[in-house]
Each structure stands twice: as structure tokens, then as C-alpha cells.
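Colleague: Structure provided below as C-alpha cells; questions to follow.
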Amino acid sequence: MEKSELKKINTTALAYMGDAVYEQAVREHILKKGLYHANNLHNSAVKYVKAQAQAVVIKTIFDELTEAEQSLVKRARNRKYTSRSRNADPVTYKWATAFEALVGYLYLEESSDSIERLQWVIERAIEIIGE
């Protein structure tokens, strides 16, 4: 997707896409670890995709992001949300949504640099949460 088109997409829509991309990466990671029982798969995935974990990740890597990425994260975090999380406080939910928006943006940008960057973000997230 061209950058001019990508900038028109609001951060909530980017987070929607980022949620799906990150969830798929987490599922792949779990299967590669050798977990195959359905209940174990779900319980393992929750550890990575819950809002609290995503908020920790984005706060941890924030200083390692480019200026443009930081700007996107701030814009997503500061956006007014009408939905609420059942399992996270509003601040944590905003940080988690900002993480998902970053993942969605990098996925949709489709350049070789953004694909590399997306892989880095996902690998760092899995590493940070796995500690």
C-alpha cells in the first residue's frame, strides 16, 4: 500500500490489522515450540496477546523505534477510544492498541524495510514477553 494511502487509515483500523498479524505470528511461534493440544495453544497465546503484555512490549521498545514509528505510536495511544477492554485498564489498553497499530502499519506498508522492521518488532515482543 502506498504511504499516502496508508496515512489516511486511522490508528484504530491499523490496530485491527495489527491484531490479526500479531496473533498469527504468535500462533506460529507456539506451534513451532511444539505445543499442539488445543487448550495449551490457547493458554500459551493469551500470554502474548493480552493487553498488559503488549503494553509492556511497546513501552520497552519505544526508544528503539524510529521517529516516524514513535509518532505513530503516540498518535495511536492518544486517540480517543469508544470501546473499552474488559481485562485491562484504559491506559494499558491504549498502549496495547498503539502496539497493534504499529504492527498493522508496518504490515500494510509492504516495503522490504517495513517487512524487516515488522519481523524485528514481533521477534522483540515474543522475546520480551517470554522472559
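Colleague: I'd like the accessible area for Met1, computed on protein heavy atoms only with a 1.4 Å probe and all protein chains in place. Round to 10 Å², please.
Modeller: My reading of the accessible area for Met1 is about 80 Å².
Colleague: Counting only protein heavy atoms and a 1.4 Å probe, tell me what percentage of the chain's accessible area is made up of carbon and sulfur.
Modeller: Here it works out to 50 percent.
Colleague: May I pose another question? Determine the per residue accessible area of the chain with all protein chains present and a 1.4 angstrom probe, expressed in square angstrom.
Modeller: 61
Colleague: Can you give me the solvent accessible area of Thr92 with a 1.4 Å probe, rounded to the nearest 10 Å²?
Modeller: Approximately 20 Å² for this residue.
Colleague: How large is the direction-averaged shadow of the alpha-carbon convex hull of region 92-131, in nm²?
Modeller: Result: a mean projected hull area of 2.8 nm².
Colleague: Net charge near Leu65: determine it from the other residues with C-beta under 12 Å of the C-beta of Leu65, scoring Lys and Arg +1 and Asp and Glu -1.
Modeller: 0
Colleague: Quick one: order Asp19, Asp113 from most to least accessible surface, probe 1.4 Å.
Modeller: I get Asp113, Asp19, largest accessible area first.
Colleague: Using the Kirkwood radius built from alpha carbon pairs, what does the Stokes-Einstein equation give as D for the chain at 37 °C and 0.692 mPa s, in µm² per second?
Modeller: 221
Colleague: When 1/r is averaged over all different Cα pairs and the result inverted, which Kirkwood radius in Å belongs to region 4-74?
Modeller: Evaluated over region 4-74, this radius sits at 13.9 Å.
Colleague: While we're looking at this one, here's another question. Quick one: Karplus J couplings for region 102-115, per residue in order, coefficients 6.51, -1.76, 1.60, θ = phi - 60°, nearest Hz, x for Gly and Pro?
Modeller: Working through the residues one at a time gives 4, 4, x, 4, 4, 5, 6, 5, 6, 8, 5, 5, 5, 5 Hz.
Colleague: Using a 1.4 angstrom probe and counting only protein chains, how large is the accessible area of Ser112 in Å², to 10?
Modeller: Here the accessible area works out near 90 Å².
Colleague: Could you sort Thr97, Thr66 by accessible area so the largest value comes first, with the probe set to 1.4 Å?
Modeller: Thr66, Thr97
Colleague: Okay, next question. Under 8 Å for C-alpha pairs, at least 6 residues apart: give me the relative contact order for the chain, rounded to a whole percent.
Modeller: Taking the mean separation of contacting Cα pairs over the length of the chain, I get 42 percent.
The values are calculated or read from the model by the stated rules, or taken from the named source; none is laboratory data. Since we're looking at a predicted model, the values are computed, not measured. So basically every Cβ, Gly included, is an ideal-geometry build from the backbone, and we count neighbours across all protein chains shown. These area figures cover heavy atoms from the full protein model, side chains too; ligands, DNA and RNA do not enter into them. Shrake-Rupley method; radii C 1.70, N 1.55, O 1.52, S 1.80 Å.
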